[in-house]
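Have a look at the structure below, then the notes.
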Amino acid sequence: MTEQEPVLAGMGTASWSAEDGVAYEVALEGINHVVGAYSGLIAQARKAGDSARVDELLAEQSAWSAKRGSLGPEDRAGVDALTAESAQALERLRSTP
């Protein structure tokens, strides 16, 4: 029987600090909340039969999902900017009737 290599053996070391990693996770969580808020608004627009609004909201939601995919913990300035942007967007979306 051969001994298996540990799962994390080939990972190497991170190029960012633990603080940067936490900031990145916070940014991702903020983006996830924004995407979720769009889901609620999309459901409301669908219920109201407003297909143009649904399309608009879906496009905006998709843009936020793309931001999530382009973010990395090594880009602290981008992480901080998206954290602030998502907080503002979430406040705006939650106040949308």
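Bear in mind that the values in this text are calculations on the coordinates, not laboratory data. Because the structure is a prediction, the values reported are computed rather than measured. FYI the Cβ positions are ideal-geometry reconstructions off the backbone, even for glycines, and counts take in every protein chain you see.
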Legend entry - At R0 = 22 Å, FRET efficiency that the Cβ-Cβ distance of GLN44 and ALA84 yields, to 0.05: 0.25
Inset, instruction - Average the reciprocal distances over every distinct pair of alpha-carbons in the chain, invert the result, and give the Kirkwood radius in Å. - result: 15.4 Å
Inset, instruction - Just flag the GluC sites (Glu not before Pro) in the range 36-97 sitting in loop per DSSP whose Cβ has no more than 10 other Cβ atoms within 10 Å. - result: none
Legend entry - Gain in span if fully extended, ARG76 to ALA63, counting 0.36 nm per residue against the direct Cα distance: 2.7 nm
Legend entry - Pairwise FRET efficiency - ARG94 versus SER15, Cβ, R0 = 41 Å, nearest 0.05: 0.70
Legend entry - Förster-model FRET efficiency, 41 Å R0, GLN4 and VAL26, C-beta, rounded to 0.05: 0.75
